[in-house]
Amino acid sequence: MKDKRIEWIDVAKAIGIIIVLAYHACPDGYFKNMMWQMHMPLFAFLSGIVYKEEYSLNFQKVRIFIVKKIEKLYIPFEAYSLFFLLLHNFFYKINFIGEINGNKILSGGGYVKQFVSILTLGGGESLTGALWYLIPLFELEIIFTVLLCLFKQIKKDKECNCVVAVIVAFIYILFSNLNLPRNLSNASRLILFYSAGYFCKKYNVLELKRSVPKQVAALVGCLAIWMGCTLYSESWQGKNLLITAVSAGAAIYCVVEISKFLTKVAKEQVVAILKYIGKKTMPIVAWHFLVYCFVKMAYVWCYNLDRTLVATKEAICDPKWIAIYVVCGLIGSLLIDEIVSEIKGYVLKIGGKFLYGGIK
């Protein structure tokens, strides 16, 4: 039996993915930096909340957990990345990717090199967008589970959690600013927020009851901290680890509280839409750069601009077009996902008939 999903978490994920879309569409500046402070830490925090402690009880459970993460994170990353790799030269020729982003026409050797890089989590294709996030998430979840399991064997529960918290803090401080391969630097940063989500859930921090004035004061205070820290740090990958952690933490608090509020007071249809978007964050992340190329094509056509603009990372500055991109990024990605799901279901159905002798 599947565990019941927590509604406000899906709403928070929906808000997070909308922020990711807006971030990729907006030009550089203060508000883009605000979004950059928190979008990936938010998803790490939410993943920590839904972590199941049973997987850290013994190393047999850890093995089961790793297999699940391979199914849910590694395989989707590989599937999307290899699909875009297969069409790499086609997208290059139609100007969806270009040399300005480090892309070139791939020969046989180039394909093999990129194929190996994808298989070993060395990186993905340009059009997979923020799907790179699955790499550090995959790594940090395994690291966290192994640490938790290891110290559960030799320490009591509270002592174990204290030791793990200290080790996570050291990982964050010692390795975040190092240039580690295979996204391990990002994993070292994000594990702090993942563990924060886990401990908040474990000790019911998120269920604490506060009066409405206190909630409003905390929300306004965290918003001010988030905005203030953005003046000193451009992103969650900033060199000042203290400011980065405080800023991302304050931003996460804002999104969590807003998500809970919306879940309680918004119309049922609105909540249902947000929950649906929240459940579909992975395909939205995977497809929205492709959709963005079509929006840029329309933008270039409308203003008679150089078509090579489509293949660049240059953002659209017009607020109207930014809004169009966010909406198209959501709807277009979801439509592509539905089409892919239909094709997958049809292929599996036909394959099943052949397998069991349904077709002679």
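No value in this document is a laboratory result; all are computed from the given coordinates. Being a predicted model, the structure only gives us computed values, none of them experimental. For neighbour counting, all protein chains shown are included, and Cβ atoms are generated from backbone atoms with ideal geometry for every residue, glycine included.
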Kirkwood-based Rg to Rh ratio, the chain, C-alpha trace: 0.98
DSSP loop chymotrypsin sites (Phe, Trp or Tyr not before Pro) with at most 13 other Cβ within 10 Å excluded, longest remaining stretch of the chain: 1-202
Computed label-point distance, nm, for sites F175 and K113 using a 7 Å Cα→Cβ extension: 2.8 nm
Cut-off under 5 Å, modelled amide H: who pairs with S235 long-range: none
Residues I6 and F83, FRET efficiency given R0 of 41 Å [Cβ-Cβ distance, rounded to 0.05]: 0.85
Relative contact order (%) - the chain, alpha-carbon pairs under 8 angstrom, separation at least six: 31 percent
Sites A323 and D28, calculated FRET efficiency, Cβ-Cβ separation with R0 22 Å, nearest 0.05: 0.75
Per-residue ³J(HN,Hα) for the range 306-312, Karplus 6.51 cos²θ - 1.76 cosθ + 1.60, θ = phi - 60°, Hz, x for Gly and Pro: 5, 5, 5, 4, 4, 8, 8
